[in-house]
1. For A:Gln6, are the conditions met, namely being open to solvent by less than 60 Å² (accessible area, probe 1.4 Å), free of Cβ contacts under 8 Å to residues at least 12 places away in the same chain, within 14 Å of chain B (Cβ to nearest Cβ) and within 24 Å of B:Asp37 (Cβ to Cβ)?
2. Among the listed residues A:Asp42, A:Asp68, A:Asp59, identify the single one that is open to solvent by less than 80 Å² (accessible area, probe 1.4 Å) and over 22 Å from B:Leu45 (Cα atoms).
3. Filter region A:26-51 for residues that are among the hydrophobic types (A, V, I, L, M, F, W, C) and within 13 Å of chain B (Cβ to nearest Cβ); which is farthest from B:Leu40 (Cα to Cα)?
4. Report, ordered by the first and then the second residue, all pairs with beta carbons closer than 7 Å, sequence separation of six or more or different chains, a first member in region B:79-94 that is farther than 15 Å from B:Leu172 by Cβ and part of a helix (DSSP H, G or I), and a second member that is among the basic types (Lys, Arg) and open to solvent by 10 Å² or more (accessible area, probe 1.4 Å).
5. Assuming B:Arg244 fulfils every condition listed in (1) charged (D, E, K, R); (2) buried (at least 18 other Cβ atoms within 10 Å of the Cβ); (3) under 28 Å from B:Asp67 (Cβ atoms) apart from one, which condition is it?
6. I need the full set of residues from region B:199-219 which are farther than 16 Å from B:Arg138 by Cα, touching a residue at least 60 places away in the same chain (Cβ under 8 Å) and open to solvent by 30 Å² or more (accessible area, probe 1.4 Å), in order please.
7. Pairs under 7 Å by beta carbon, first residue of a type outside the set (Val, Ile, Thr) in region A:42-69, partner exposed (fewer than 13 other Cβ atoms within 10 Å of the Cβ), six or more apart or different chains?
8. Any idea which of (1) surrounded by 17 or more Cβ atoms within 10 Å (Cβ to Cβ); (2) modelled with pLDDT under 90 is the one A:Glu49 doesn't satisfy?
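The values are calculated or read from the model by the stated rules, or taken from the named source; none is laboratory data. This structure is a prediction, so every number in the text was calculated from the model and none was measured. Please note: Cβ atoms are built from the backbone with ideal geometry, for glycine as well, and neighbour counts cover all protein chains shown. Only protein heavy atoms, including side chains, enter the accessible area calculation; ligands, DNA and RNA are left aside. Shrake-Rupley method; radii C 1.70, N 1.55, O 1.52, S 1.80 Å.
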Amino acid sequence: MSNDSQGPLWEVFVQKKPGQPFIHAGNVHAFDKEMALQNARDVYSRRNEATAIWVVPSDQIVASTPEDVGSFFDPSNDKIFRHPTFYQIPDGVKNL
Amino acid sequence: MTNLALFRYLLKIGDDLLINAQRLCEWTGHGPFLEEDLALTNIALDLFGQANAFLEYAAKVEGKGRDQDALAFHRNDTQFLNAKLVEIPNGDYAQTILKQALIDSFRYLLYQELVKSSDQTIAGIASKGVKEVTYHRRHTHQWVIRFGNGTNESMERLNNALGNLWKYTGDLFESDEDDAMVEKSGVGVAFHKIFPAWEEEIKNLFSKSNLRYPENVWMIKGGRKGVHTEYLSYLLNEMQMLPRMYPDAKW
């Protein structure tokens, strides 16, 4: 346990409706899995915001760093053939 | 069954909820950490909602033109029929949590019976409420287990809380002729009928929490008849002050 008396941090992901992706909502403090799940429910889904919740210990998240931005994300910008802009999108197709 | 018997039965349930919620609100802004502060306030809000529903129906059954606010704010302590356990001060966090866990089990088992009520209003309130109470019970029981398996200090505090609270638990299960009438007509359950299931559930909780289930403790009763500890008077004074000083206040 850390010196912080509120316990370790957990990242919270909520799903608004079944089938939709889980979206990062924020984080909570908790000392164990069950407490993390309950705290996430109380903090992020008090008003019907979720139908499912994931909690993940914050120190288990592997993240890219600001130094990675150039090598990770820039190269795709100048290659027009990577972007699917040459297709006709049929009428009535949503969420594309 | 008379209307008066049902009215009193609904007051017992509604007053348990109202006083329980008002006590929990004292923790608002003082919880041990932010998330737990929110969790407890959430529980209190659920209980206020249920209290509102039961007292609204009680007022309707009484048929004297009162509403739920009149019942909440314009009765004196001897007219409240809540069990004594809900009015006992919060104490430390172990005592607040243990008290809530004991009440949550009672309320959960009560609602499990009330969903079968022949009275549609009561069955409706209970079936909505049972989902909320299922969560309250999960939250508080988990905390009791944590305290009971935590540090020497948490176990000592939990045991002290048990010593302070246990003598008031019997009051939850006091039943009178009114309750018997309500039960006979299929509208509700007499509170003492819930005790065996409650005892089994609490014994199970205590065995997971390294707590000894107290046997043969003399119980302090009377809440269901309107006999209360002085703690209730102070609580009501604070809760009722505004509507009594400014009867027509709107906000």
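1. Numbers: open to solvent by less than 60 Å² (accessible area, probe 1.4 Å): yes; free of Cβ contacts under 8 Å to residues at least 12 places away in the same chain: no; within 14 Å of chain B (Cβ to nearest Cβ): yes; within 24 Å of B:Asp37 (Cβ to Cβ): yes.
No: the conditions fail for A:Gln6.
2. That would be A:Asp68, the only listed residue that is open to solvent by less than 80 Å² (accessible area, probe 1.4 Å) and over 22 Å from B:Leu45 (Cα atoms).
3. Checking each candidate, the answer is A:Phe31.
4. B:Ala94/B:Arg157
5. Checking B:Arg244 against (1) charged (D, E, K, R); (2) buried (at least 18 other Cβ atoms within 10 Å of the Cβ); (3) under 28 Å from B:Asp67 (Cβ atoms), the one that fails is (2).
6. Passing the criteria: only B:Asn210.
7. Every condition considered, the pairs that remain are A:Tyr44/A:Gly26; A:Ser64/A:Phe72.
8. Only one criterion in (1) surrounded by 17 or more Cβ atoms within 10 Å (Cβ to Cβ); (2) modelled with pLDDT under 90 is unmet by A:Glu49, namely (1).
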